[in-house]
Amino acid sequence: MNLYEARPPIVADERTQLIGWLDLQRVLVRHKLADLRPEDEHRSLLPASPLMTPAGLVSHMRWVEHLWFEVVYLNVPRDQNPMYRKDVESAEMLVTGVPLPQLLDEFDAQWARSNEIVAAHSLDDTGQDPEFQPSLRWILLHMLEETARHVGHLDAMRELADGRTGYY
């Protein structure tokens, strides 16, 4: 896929723009990890962040989407999401032995589920979690920021792993 063609239309409604830019960042996750050597998939590359591996970051992004779109917005039970574990810090990033292709497929499945949720609701609707009720628009903007930031992490990790760089 030509990543320049993956950008959302230049002129479109708000929903199309928000989902389009978020989807582009999600596509960039796979792009940044394409042809990554297997020995680098679970390797800690940032000295101050030993849990942040390429595989761990993909898992984290999957569970962050689950947290915002399903737990906060739809108020589904939190017990399925490892981010709510109190006994293990950053449990969602502990994926030693889980193949990166599996984690990417799980990320893609959560991405599809998140987009289904967005398609079924107004951007002005608010979350159903009793403690925090952001609008769906706020969640989309936050997820765009969160995903883009982590694509930047993947970009840095990839450069440290094998020297691969690039805007896309």
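None of the figures in this text is laboratory data; all of them are computed from the coordinates on show. Fair warning: this is a prediction, and the values are worked out from it, not measured in the lab. Don't worry about glycine lacking a Cβ; one is built from the backbone with ideal geometry, like all the others, and counts go over all protein chains shown.
Structure notes:
- Net lengthening on full extension, Leu160/Arg78 (0.36 nm per residue, minus Cα-Cα): 26.0 nm
- Options (i) 43, 29, 28; (ii) 60, 32, 17; (iii) 45, 43, 25 - which one matches Cα extents along the principal axes in Å as calculated here: (iii)
- At an R0 of 22 angstrom, the distance between the Cβ atoms of Asp13 and Arg113 translates into a FRET efficiency of 0.50.
- Each of Glu65, Glu39 was scored by other Cβ atoms within 10 Å of its Cβ. Arranged with the fewest first, they read Glu39, Glu65.
- Net charge dipole size for the stretch 14-162 [Lys, Arg +1 and Asp, Glu -1 on Cβ; Debye, nearest 20]: 100
- Going from the fewest other Cβ atoms within 10 Å to the most, the residues Phe107, Phe69 appear in the order Phe107, Phe69.
- GNM top mover of Ala112, Ala48, Ala156 - the chain, alpha-carbon springs below 10 Å: Ala48
- Segment Lys86-Glu39, length gained on full extension (0.36 nm per residue, minus Cα span): 13.9 nm
- Counting every other Cβ atom within 10 Å of each residue's Cβ, Tyr167, Tyr73, Tyr84 order from fewest to most as Tyr167, Tyr84, Tyr73.
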